[in-house]
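Peer 1: Please see the structure below; I have some questions.
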Amino acid sequence: MIDLRSDTITVPTEAMRAAMAAAPVGDDVWGEDPTVIELQEFGAGLFGKEAALYVPSGVMGNQLALRVLCNDGDEVLIDSQAHIYYYEAGAPSVISRVQLRPVESNRGLLDVSALDAAVRPGDVHFPHTRLLCIENTHNRYGGLLMPPDNLAEVAAWAAERDIRLHCDGARLWNAAIGAGIAPAEYAAPFDTLSVCLSKALGAPVGSLLLGSRANIDKALKWRKILGGGMRQAGIIAAGGLHAIREHYGLLAEDHRRAAAFAASLEAAGLGVDTNFNAELKGRLTNIVLLRHDGRRDSSVILEECRRRGLLLSNMGGNMLRAVFHFQVGDAAAQSAVEIATSVFADAV
């Protein structure tokens, strides 16, 4: 079975399992797990931040950032299709007691004039606009990266207005590879950022929250409040270290296979989403969105693909998604093309 539902479905390699089995451990709640400490210091150095905190999930990393950067009743500007807004179960209202103000973007490209229009005036009737959250790469827009020039423009806008910046960088690794820049360059403008170890990199669990030492110290307290204090966590942290060191360099191959998959379906006249047009080609990473005309229900198409040996995910409406990862090689990618072409030929 070729599983392209997500890059979260990878399983640890034998080398990763060996690294996890051999990891020295201690009590991380006491700050004594040497492998967790190594992962946090390595991650902080890679992204050019003072400190990092190992957390169980990307959702927790994002929510810790909002809690640390905002006060109760503040407002957070966010893309209307962002993961924090769309998929995190209303957590900002529960944990940080903030409200989110959605802003429309052009497939993740932010217009500072639209941001200006969303900033609240200094009036007793309105919440204070405290934070802007940016997602890079952007999941619901098909893994499109945020170009560095757009980020620089938005970061300058935020600095002028004393608005803080958080990056939901679950797949920031893919963005850095796709843009050809160092992770630290992408991370530089942000007060905090979260990066996932269990998506494209292939670790079994965990994310890092990165930022200043002061912010990470505050986040540590909130991680404890939320039940995220883990004991001998070095066993899983070792998987994250191995993933960064051994799998980060493989992401370019995932991008190549995704682009080839999309191009093959497009050449066959099938339903590849418009994020694969020439204008946006430089923003593509490891995700392909597939659109059908609705003559058959998505669940029927997904089941037919599954029956022939290909797993895709449902993005709602007439949109399906394929996500490439390092455990889908060239032969499997070509088989995925053949299966999808045959199934979609009857669905568009």
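Peer 1: Restricting the search to the stretch 321-344, which residues are in a helix (DSSP H, G or I) and either small (Gly, Ala, Ser) or closer than 23 Å to residue 12 by Cα (or both)?
Peer 2: 330, 331, 332, 333, 335, 336, 340, 342
Peer 1: Still on this structure, I have one more. Over 18 Å from the mean Cα position of the chain (by Cα) and over 24 Å from residue 6 (Cβ atoms) - does that describe any residue in the stretch 244-259?
Peer 2: no
Peer 1: If you check residue 148 against the conditions, is it under 23 Å from residue 63 (Cβ atoms) and surrounded by fewer than 20 Cβ atoms within 10 Å (Cβ to Cβ)?
Peer 2: Criteria not met by residue 148.
Peer 1: Something else: Taking the stretch 17-32 as the region of interest, how many residues are among the aliphatic types (A, V, I, L, M) and either part of a loop (DSSP other than H, G, I, E, B) or assigned by TED's automatic domain parsing to the domain that holds residue 309 (or both)?
Peer 2: 2
Peer 1: With respect to residue 90, determine if the residue is under 17 Å from residue 190 (Cβ atoms) and not aliphatic (A, V, I, L, M).
Peer 2: Judged against the criteria, residue 90 is not a match.
Peer 1: Further question on the same structure: With respect to the numbered conditions (1) touching a Phe, Trp or Tyr at 6+ places or on another chain (Cβ under 9 Å); (2) outside any helix (DSSP H, G or I), which one is the sole condition not fulfilled by residue 68?
Peer 2: Here residue 68 meets the rest and fails (2).
Residue-wise test of (1) without any contact (Cβ under 8 Å) to a residue 24 or more places away in the chain; (2) of a type in the set (D, E, K, R); (3) under 17 Å from residue 133 (Cβ atoms).
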| position | (1), (2), (3) |
| --- | --- |
| 38 | no, yes, no |
| 46 | no, no, no |
| 62 | no, no, yes |
| 74 | no, yes, yes |
| 98 | no, no, yes |
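Peer 1: Okay, next question. Could you check, for the stretch 112-124, whether at least one of its residues is within 29 Å of residue 221 (Cβ to Cβ) and either assigned to a strand (DSSP E or B) or in contact (Cβ under 8 Å) with a residue 12 or more places away in the chain (or both)?
Peer 2: Yes.
Peer 1: Here's something else I'd like to know. Taking only the stretch 268-294 into account, find how many residues are at pLDDT below 80 and either more than 16 Å from residue 140 (Cα to Cα) or in contact with a Cys (Cβ under 7 Å, 6 or more places away or on another chain) (or both). Let's see the steps before the verdict.
Peer 2: Let us first name the residues in the stretch 268-294 that are at pLDDT below 80, namely 268-281, 292-294.
Then keep just the ones that are either more than 16 Å from residue 140 (Cα to Cα) or in contact with a Cys (Cβ under 7 Å, 6 or more places away or on another chain) (or both); that gives 268-271, 277-279, 281, 292-294.
Qualifying residue count, the stretch 268-294: 11.
Peer 1: Condition check: touching a His at 6+ places or on another chain (Cβ under 8 Å), small (Gly, Ala, Ser) and farther than 30 Å from residue 309 by Cα. Does residue 44 satisfy that? Even if it seems obvious, please write down each step before you answer.
Peer 2: Values: touching a His at 6+ places or on another chain (Cβ under 8 Å): no; small (Gly, Ala, Ser): yes; farther than 30 Å from residue 309 by Cα: yes.
In short, no.
Peer 1: Answer yes or no as to whether residue 137 is crowded, with 24+ Cβ neighbours inside 10 Å and of a type in the set (Val, Ile, Thr).
Peer 2: yes
Peer 1: Now for a different question. Looking only at helices (runs of 4 or more DSSP H) that lie completely in the stretch 128-225, which have at least 1 residues being under 18 Å from residue 255 (Cα atoms) and either of a type in the set (A, V, I, L, M, F, W, C) or touching a residue at least 60 places away in the same chain (Cβ under 8 Å) (or both)?
Peer 2: Answer list for the stretch 128-225: 172-179, 183-187.
Peer 1: On to the next question. Report the residue count in the stretch 283-312 for those that are under 26 Å from the mean Cα position of the chain (by Cα) and part of a loop (DSSP other than H, G, I, E, B).
Peer 2: Result for the stretch 283-312: 5.
The values are calculated or read from the model by the stated rules, or taken from the named source; none is laboratory data. Fair warning: this is a prediction, and the values are worked out from it, not measured in the lab. Backbone-built Cβ (ideal geometry, glycine too); neighbour counts: all protein chains shown.
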